[in-house]
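Take a look at the structure set out below.
The values are calculated or read from the model by the stated rules, or taken from the named source; none is laboratory data. Predicted model only: the values in this text are computed from it and were never measured. Positions of Cβ are generated from backbone atoms using ideal geometry, with glycine treated the same way; all protein chains shown enter the neighbour counts.
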Amino acid sequence: MSEAPLHVYHIGTRGIPTTQGGIERHIEEIATRLVDHMDITVYARSYYVPPMKEYKGVRVRRLRTLQTKHLDTWIYSFVATVDVLFRKRGIVHYHALGPSIFAWIPRLFGHKTVVTVHGLDWQRAKWNRFAQFYLKMCETFSVRFPNRTIVVSKVLREYYKEKFHADVDAIPNGIEEPPERLPEEITEKWGLTKKGYIFFIARLTPEKGAHHLIRAFREMGTDLKLVIAGEGLHSERYVDELHKLAEGDDRIVFTGFVTGATLDELFGNCFLYCQPSEIEGLSIALLEAMSYGCCVLSSDIPENLELVEGVGFSFETKNVESLREKMRALLERPEKVQMAGMVARRRALSDYSWDTVAKATEGLYRELKR
């Protein structure tokens, strides 16, 4: 008699397939790898994914919600939680701090629950005081309500150990070995050449620090371009501010949202990848840059240093002059930049992979099933 399949339900993403967002990427990479071993459902938001019932074998349940900054996630997570109560018993996996407030409910109905903390969301500048207070409370919920708690970095594991005396699981983000592409489309669209630009990609929100990068770059006498990829989410005013900061400097290129071969070209042909973020969980973008063999320069927040220390370079967070000095020093040492990129690639491909992340997550699921 064959064993009944394990049912897993993911709540906390905007949906799959992903178009942007670290959590969305994380869930898609895990779910599509484990779907051959278990029955997996991802709860998606109707405005994010087109009508579909399945993606690469993963069930997709689209839910209507209010597409607003403060109520979107809460309403979606509540509706998804109610819906999952009528599904076969299994493991309900919540992602991020906000949705964790509901992690106790499925347990009452026989499900096991997991919460993955991808970062300390209350630190994000977009939230007002009430939202920050709520998300800080959710830190407690994320460790008290579920059967198991996962964090994506060693830094976060130490944070939870110190604050809550809790022994949580650390399962990082991952990467795949990327393809090599010559600069074709990016040359045609934006006039970019191999090793002719500094690259940055992120959701364009204040905590990602693009404004620091633009201010630092504008005062540098270089023929390199600065390429900023990504789009805002409930942060249109901030995106407008970035464009105003860059006004009059035709070296600064905004690409908007990019993916696929275009993104491969941007990563694979840059001179330097710079990440000036003020907060992170464990940055997939930074990991991807390393996997492409980019020399990486990041802010010195602990979550970034966990990745780049020993293989890349860092500057003082929020310090524009520190960032400018480090960029200038690297521009003067191209051989050092090339060597650092090779070392970073080896680190990323050997220590981080989505296959390893998926296996670790599956192991945790199996333990909960016993």
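I'd like the full set of residues that are at pLDDT below 95, polar (S, T, N, Q) and surrounded by 21 or more Cβ atoms within 10 Å (Cβ to Cβ), limited to the range 11-57. If the condition is that a residue be at pLDDT below 95, polar (S, T, N, Q) and surrounded by 21 or more Cβ atoms within 10 Å (Cβ to Cβ), then THR13 is the only one that fits.
Given the structure, is GLU158 under 30 Å from SER322 (Cβ atoms), surrounded by fewer than 22 Cβ atoms within 10 Å (Cβ to Cβ) and not polar (S, T, N, Q)? Spell out how you get there, then give the answer.
Numbers: under 30 Å from SER322 (Cβ atoms): yes; surrounded by fewer than 22 Cβ atoms within 10 Å (Cβ to Cβ): yes; not polar (S, T, N, Q): yes.
Spelling it out, GLU158 is indeed under 30 Å from SER322 (Cβ atoms), surrounded by fewer than 22 Cβ atoms within 10 Å (Cβ to Cβ) and not polar (S, T, N, Q).
Of all residues in the range 268-308, which are of a type in the set (Ser, Thr, Tyr), touching a strand residue (DSSP E or B) at 6+ places or on another chain (Cβ under 7 Å) and assigned to a loop (DSSP other than H, G, I, E, B)?
Of the range 268-308, the ones of a type in the set (Ser, Thr, Tyr) are 273, 277, 283, 291-292, 298-299.
Now restrict to residues that are touching a strand residue (DSSP E or B) at 6+ places or on another chain (Cβ under 7 Å): 273, 277, 283, 298-299.
Selection gives SER277, SER283.
Here is a list: VAL152, VAL115, VAL84. Which entry is under 21 Å from the mean Cα position of the chain (by Cα), at pLDDT 95 or above and among the hydrophobic types (A, V, I, L, M, F, W, C)? Walk me through it before giving the result.
Numbers: VAL152 fails: at pLDDT 95 or above; VAL84 fails: under 21 Å from the mean Cα position of the chain (by Cα).
Sole residue among the options that is under 21 Å from the mean Cα position of the chain (by Cα), at pLDDT 95 or above and among the hydrophobic types (A, V, I, L, M, F, W, C): VAL115.
Only one of the numbered conditions (1) modelled with pLDDT under 95; (2) surrounded by 17 or more Cβ atoms within 10 Å (Cβ to Cβ) is violated by HIS234, and that is (2). For the range 147-244, the strands (runs of 3 or more DSSP E) that sit wholly inside it and include 3 or more residues that are of a type in the set (A, V, I, L, M) and not assigned by TED's automatic domain parsing to the domain that holds TYR94 are 225-229.
Checking each residue in the range 314-334 for being buried (at least 16 other Cβ atoms within 10 Å of the Cβ) and in a helix (DSSP H, G or I) picks out VAL320, SER322, LEU323, ARG324, LYS326, MET327, LEU330, LEU331.
Residues are listed down the side, and each one gets a yes or a no for (1) in the same structural domain as THR73 (by TED's automatic domain parsing); (2) under 12 Å from ILE91 (Cβ atoms); (3) touching a Lys or Arg at 6+ places or on another chain (Cβ under 9 Å):
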residue	(1), (2), (3)
ILE11	yes, yes, no
GLU24	yes, no, yes
ILE27	yes, no, no
ARG33	yes, no, yes
ASP36	yes, no, no
